[in-house]
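A short write-up of the structure that comes next.
What follows draws every value from the coordinates through simple rules; no lab data is involved. Because the structure is a prediction, the values reported are computed rather than measured. Neighbour counts run over all protein chains shown; Cβ positions are idealised from the backbone, glycine included.
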Amino acid sequence: METLVNKIYAPYIEKKREISQQGLTAVEQAQRNLNTFLESNESKGIFNKKQRIILVASQFDDQTLSACAWLSNNNVDISCFTIEPLKFADQLFIDFTKILPVQRNEDFYVDLAESNSSIKRDNSNRISKKRYLPRMKELFEWGILSPNQKVSIKNQDNSDATVVDEKTVSFNENIMSYNQWGKVVTGWSAMSVYEWIIPEGQTKTLHELRLERLDNRQWD
């Protein structure tokens, strides 16, 4: 903090001629001002000891979630929230959804399949299953997606594309990845495909459909 005082705050005080009449130099006045501020806010001794990062966006791409999950797993206090405007009658609301951290941050940055280790005990000692997030491979195996199927992007007109395989679609006679297609249609720099792609004949996104399938498998 001393370096910042000398290089930033003290020159500012000197420039603004805020030096007190007590014969203090600009550096001494800067240090006194900061100490007074920290003491009055009960922050002296703990200021800048722990950082917290909160990311808020309408959606996050898989790469961003991967990086944030890794940081969270390595003791960085980072959270991701999505926001969505909602209208009910004549009132407007903002819906906040916490994406990260989750119980298993690894679910966001590796391809996962269900395993025998998915059983855990919760705080009440009941046995329950951890929830995994299947990727494109599982969605094809389950029949949620298939080649030559029509798909669109939620709330985007003229976004219809044709599924080619697990990695690509055909849009306007061009073969491209799901992310590239999303960027072309929306103009966004990135898009979480699971949160926005809707298969033909469905009203739910891929994310909603995979969660629904997981819920059904729980009772099989």
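For the reader, a short list of remarks on this structure follows.
- Among the listed pairs Lys98/Lys150; Lys87/Lys183; Lys16/Lys50; Lys98/Lys167; Lys183/Lys204, those whose Cα-Cα separation exceeds 22 Å are Lys98/Lys150; Lys87/Lys183; Lys16/Lys50; Lys98/Lys167.
- Placing pseudo-labels 7 Å out from each Cα toward the beta carbon at Glu166 and Asn74 gives an inter-label distance of 2.8 nm.
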